[in-house]
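The values are calculated or read from the model by the stated rules, or taken from the named source; none is laboratory data. Keep in mind that what you see is a predicted model, and the values were worked out from it rather than measured. Using ideal geometry, Cβ is built from the backbone for each residue, glycine included, and neighbour counts are taken over all protein chains shown.
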Amino acid sequence: MLQDIEPYLACPHCAQALTRHERSLRCPAGHSFDLAKQGYVSLLAGDAHTGTGDTAEMVAARADFLAAGHYRPIADALAEAAAAALPADPEGLVADLGAGTGHYLAHVLDALPGRVGAALDISKYALRRAAKAHPRIGAVVCDAWRPLPLRDASAELVLNVFAPRNGPEIRRVLRPGGTLLLVSPTPRHLRELVDALGLLSVDEEKQRRIDEKLGPYLTPVGQRQVEFTLRLCAQDVRTVVGMGPSAWHTDPERLAATLGDLPDPVEVTASVTVAEYRR
Ligand SMILES: [Zn+2]
């Protein structure tokens, strides 16, 4: 419920606390944000808009894909790491930056009894689903590249799964000693599709570059690889391609032609790093 996370939210204009007045959240300076009837709130700064987010169609395909359990080992690894890293005392938010439909956050909250989670994303279509993904999730539309609408030191855990990373802001919203769990693809991720479809591949240095960028703000404390085999039908392949960073670089005609050449179902490697950082 949005109410669970309201004490952790900050006004995107002036960073002050927000309090509820009937169907809106307001700060002391008078900035006001209406609650959507689907259960989320938009805390975008004035000039931002949600046009860069996913469409309703993309979100639906992604939700189906995740609900089918294809990425379950990633969700399990996150939940395990979260339960091991966090103190039992349930103070402090779990914030998922780029939460999408709330799939991973819901799974992590199941492993953290009593803790509440904020699903942050630019896509309102995704957040309509996230708002319903778990009873302890509150969903907030925001822009990952702007100051996050969270109060300083509000989060005990930040999740970042295949999503934009904003190092200074992640540090600011984490409590001292708080944890970031970051999931990123390795060069082997979906390699059979990358080869067949001519998609952009993940470069070998990706993890090192991530560590370098986050280095001034957070300390890496460990990482593990999660690798497993996906069995995908043609529709799953289209979805997984659309979920990846190469979505905007795939010629639809080439995709359709190549899909015809692939076995159905096709076996594809999933390979990610789950990296842990401490503030
Ligand atoms: Zn304000």
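Observations, loosely collected:
- Among the candidates 174, 180, 159, 218, the residue that is within 18 Å of residue 145 (Cα to Cα), modelled with pLDDT of 95 or more and out of contact with any helix residue (DSSP H, G or I) (no Cβ under 9 Å at 6 or more places or on another chain) is uniquely 174.
- Residue within region 248-266 that is under 23 Å from the mean Cα position of the chain (by Cα), in contact (Cβ under 8 Å) with a residue 12 or more places away in the chain and in a helix (DSSP H, G or I) present: yes
- Positions within region 93-126 being within 11 Å of the chain's Cα centre (by Cα) and of a type outside the set (Gly, Ala, Ser), in sequence order: 96, 97, 101, 103, 104, 105, 120, 121, 122
- Residue 104 being aromatic (Phe, Trp, Tyr), assigned to a helix (DSSP H, G or I) and more than 18 Å from residue 155 (Cα to Cα): no
Quick grid of which residues meet (1) over 26 Å from residue 115 (Cα atoms); (2) among the aliphatic types (A, V, I, L, M); (3) free of Cβ contacts under 8 Å to residues at least 40 places away in the same chain:
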{"residue": "140", "(1), (2), (3)": "no, yes, no"}
{"residue": "147", "(1), (2), (3)": "no, no, no"}
{"residue": "155", "(1), (2), (3)": "no, yes, no"}
{"residue": "163", "(1), (2), (3)": "no, yes, no"}
{"residue": "167", "(1), (2), (3)": "no, no, no"}
{"residue": "181", "(1), (2), (3)": "no, yes, no"}
{"residue": "189", "(1), (2), (3)": "yes, no, no"}
{"residue": "207", "(1), (2), (3)": "yes, no, no"}
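- Residue in region 217-233 that is touching a residue at least 40 places away in the same chain (Cβ under 8 Å), surrounded by 15 or more Cβ atoms within 10 Å (Cβ to Cβ), part of a helix (DSSP H, G or I) and not polar (S, T, N, Q) present: no
- Checked against (1) hydroxyl-bearing (Ser, Thr, Tyr); (2) more than 19 Å from residue 58 (Cα to Cα); (3) touching an Asp or Glu at 6+ places or on another chain (Cβ under 9 Å), residue 184 passes all but condition (3).
- Filter result for residue 98 (in contact with a Pro (Cβ under 8 Å, 6 or more places away or on another chain) and within 21 Å of residue 274 (Cα to Cα)): yes
- Of all residues in region 7-36, those that are more than 10 Å from residue 149 (Cβ to Cβ) have Cβ atoms under 7 Å from Cβ atoms of residues that are within 12 Å of the ligand (Cβ to nearest atom) and of a type in the set (Val, Ile, Thr), 6 or more apart or on another chain, in 26/19.
- Those residues of region 123-143 which are part of a loop (DSSP other than H, G, I, E, B) and surrounded by 24 or more Cβ atoms within 10 Å (Cβ to Cβ), in sequence order: 142
- The residue that is nearest to residue 132 (Cα to Cα), among those in region 1-48 that are among the small types (Gly, Ala, Ser) and assigned to a strand (DSSP E or B), is 42.
- Residues (more than 9 Å from the ligand (Cβ to nearest atom), of a type in the set (Lys, Arg) and surrounded by 13 or more Cβ atoms within 10 Å (Cβ to Cβ)) located in region 4-47: 20
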